[in-house]
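None of the figures in this text is laboratory data; all of them are computed from the coordinates on show. All figures in this text were calculated on a predicted structure; none of them were measured in a lab. When we count neighbours, we look across all protein chains shown, and the Cβ atoms used for this are built from the backbone with ideal geometry, even at glycine.
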């Protein structure tokens, strides 16, 4: 087994030995020097809860790891610790919603989408309860291995009737999505970026609207359609591709369901652009296939490529290494786009 | 109107008998159904709806009602019978049971039926929902109770024990759970599928107020409900372990080799009604 040394352990290693990259459960996906905001979900939920007394916080022993502890500190009597029991967490959330409350229930995306799926399906989605499921470590944002890498959560929740599915890009979007999903009546699954969360979209005059895709930059050769952190990567790739005189547009699609079909069709209908869907998710059943299906049904047939995670159990390791290996780093995106353009 | 729907001059025995009869009539509509379970649980449901619970038949979502969560959704035929008897579901809908467009599907679903508070079918959900309901009622300062019925087979589900642990942790003394111990599961006797005894010891160790009664003895069931309701304010959830006899009230079904899904031949529904009618209480 490959040793995974923590950063702090490096001083104990021989001076001549190369420092190993870490697979620790890092709290942020921000790259070095990137602008960030701390715990945007926790702070936004506190603000929203000040005006909406129906909002409650619930977690399954991951309050500190989903930034919900900030809500818990602000509203201790509105914060429910349900123990490490995800089925209970979502069943009880359904019960609280049935009594008129708006529970925000947090855990890791793997546990909501895999372990508690039937509970969410039956007690929340089928009963159409007003529960907001907010889950950390979406896609490949943990180097801990498949147990914590939620590479199929979007496909699973897309398949669930009644469920709204959100994949936010950055701190600004999370801040704006929290009040938006609180006001939406019905079940919502939102991916969560926790800790020091990159701040990107403020430079684009962006504002989140539930169900709306937004064109963040225009370009005539490539159209990135992306969600979540892949929008950040697509924006970086678009900038980098300028040096190669490749002009790329970025359409950000934070609401995976319901999909903003009009915006996607309009963007894809513009002739001559290579459409590249980029998602932090397996290529099976996520945004890429959602867009592909839409285009096929509507008879819109641009050149089409998908960037996403492979249909395999991913490795443990350092995130930058893994993002390179699986093709979702900015560099990997640029290389693939250049290859496709020939 | 009164918040209590207890009918006038109708004995609890007669309520239970009526529930059994409604259930058999529904079973006859489809020629199938979990009739043996409906017959075994009729006394518990009669006690819940005509002795213990607070509700308004013409306003099933009245905020002040006690909540009844049917975790074992396949017992829907029994709950529909109770809801019909309680006047929450009109009599005439009985013959639509399990049919297309009916509000009475084979498995209980919250969005279909007045008085059905949760969607069952998938087993082991009810207690977790009940925990949330109880927390919510306490938040609202309501003294409404949450009743939840589940089957002994559901004790196999880990989620049930998550909820049992949680209800004690959160001191949910507004929760009254009833487990129907008829000792039969889909694959056979519970003792061979997954042994769950000693149930009293286990539940007491989990911090519950536990009573075990003959679930077909109306007097004892009533006393158990009364004692469970009296737990309110004492910081412990209540469990009533109801030992029941599948097919109760129809001797030839009681005697039939026990099955989770009991086979009743077409001509036997009328025989079952006749057998019930022989035991009709005043």
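Take residue A:315 and residue A:17, extend 7 Å from each Cα along the Cα→Cβ direction, and tell me the distance between the two endpoints in nm. My value for the distance between the label points is 1.9 nm.
Take each of the peptides B:220-231, A:93-104, A:149-160, average the number of other beta-carbon atoms within 10 Å over its residues, and list them starting from the highest.
My ranking of the peptides, most packed first, is A:93-104, A:149-160, B:220-231.
Taking 0.36 nm per intervening residue step and subtracting the Cα-Cα distance, what contour gain separates residue A:35 from residue A:270 on full extension?
Numbers: separation 235, 0.36 × 235 = 84.60 nm, distance 3.36 nm.
Gain on stretching residue A:35 to residue A:270: 81.2 nm.
In chain A, Cα pairs under 8 Å separated by at least six residues give a relative contact order of 17 percent. In the elastic network of chain B, a GNM with C-alpha springs shorter than 10 Å, the most mobile of B:271, B:175, B:69 is B:271. The length gained by stretching the chain between residue B:227 and residue B:100 to full extension, at 0.36 nm per residue less their Cα-Cα distance, is 41.6 nm.
Using C-alpha pairs below 8 Å separated by at least 6 residues, the relative contact order for the stretch B:61-105 is 21 percent. With helices as the sole contributors, chain B gives -11500 deg cm²/dmol at 222 nm; each DSSP H run of n ≥ 4 counts as -39500 (n - 2.57), and the sum is divided by every residue. In the frame of its principal axes, chain B has Cα extents of 51, 49, 36 Å, reported largest first.
Extending 7 Å from Cα along the Cβ direction at residue A:336 and again at residue B:274 yields two label points whose distance is 7.4 nm.
Taking the Cα centre of each part, how many Å lie between the stretch B:132-208 and the stretch B:87-119? Cα centres, the stretch B:132-208 to the stretch B:87-119: 25 Å. Each peptide among B:91-98, B:120-127 gets the average number of other Cβ atoms lying within 10 Å of its residues, and from highest to lowest they stand as B:120-127, B:91-98.
Where the centroid of each part is defined by its Cα atoms, how far is the stretch A:270-325 from the stretch A:138-215 in Å? Using only Cα atoms to place each centre, the spacing works out to 17 Å. Look at the stretch A:117-126: the mean tally of other chain Cβ atoms within 10 Å of its residues' Cβ atoms is 4. In chain A, helical runs assigned H by DSSP with n ≥ 4 each contribute -39500 (n - 2.57); averaged across all residues and rounded to the nearest 500, the mean residue ellipticity at 222 nm is -9000 deg cm²/dmol.
Taking every C-alpha pair closer than 8 Å and separated by at least 6 residues, the mean separation divided by the residue count of the stretch B:12-278 gives a relative contact order of 22 percent. Ordered by the count of other Cβ atoms within 10 Å of each Cβ, fewest first, B:134, A:135, A:334 give A:334, A:135, B:134.
What value in Å³ per residue do you get for the convex hull of the alpha-carbon atoms in the protein assembly as shown?
Numbers: hull volume 115.9 nm³, N = 624.
Given the Cα convex hull of the protein assembly as shown, per-residue volume reads 186 Å³.
Mean-square fluctuations from a GNM of chain B, with a 10 angstrom spring cutoff on Cα atoms, peak among B:67, B:234, B:15 at B:234. In terms of other Cβ atoms within 10 Å, B:58, B:43 run from fewest to most in the order B:58, B:43.
Shielding of peptide B:110-122 by partners, expressed as the average count of other chain Cβ atoms within 10 Å per residue Cβ, is 3. Highest mobility in the GNM of chain A, judged by mean-square fluctuation with C-alpha springs under 10 Å and restricted to A:236, A:51, A:32, is found for A:32.
What separates the Cα centres of the stretch B:244-265 and the stretch B:13-71 is a distance of 18 Å.
Report, for the stretch B:12-278, the % of DSSP beta bridges that are antiparallel, rounded to 5. Walk me through the intermediate numbers first.
Details: 2 of 24 bridges.
That works out to approximately 10 percent antiparallel.
Remark: mean inter-chain Cβ contacts per residue of A:204-216 equal 0, using a 10 Å Cβ-Cβ cutoff to other protein chain atoms. The ranking of A:86, B:254, B:101, A:289 by Cβ neighbour count inside 10 Å, starting from the fewest, reads B:101, B:254, A:289, A:86. When both bridge partners sit in the stretch A:211-341, DSSP labels roughly 15% of those beta bridges antiparallel. Relative to the current alpha-carbon distance between residue B:234 and residue B:32, full extension at 0.36 nm per residue lengthens the span by 68.4 nm. Measuring r between the beta carbons of residue A:202 and residue B:257 and using R0 = 45 Å, the FRET efficiency lands at 0.05.
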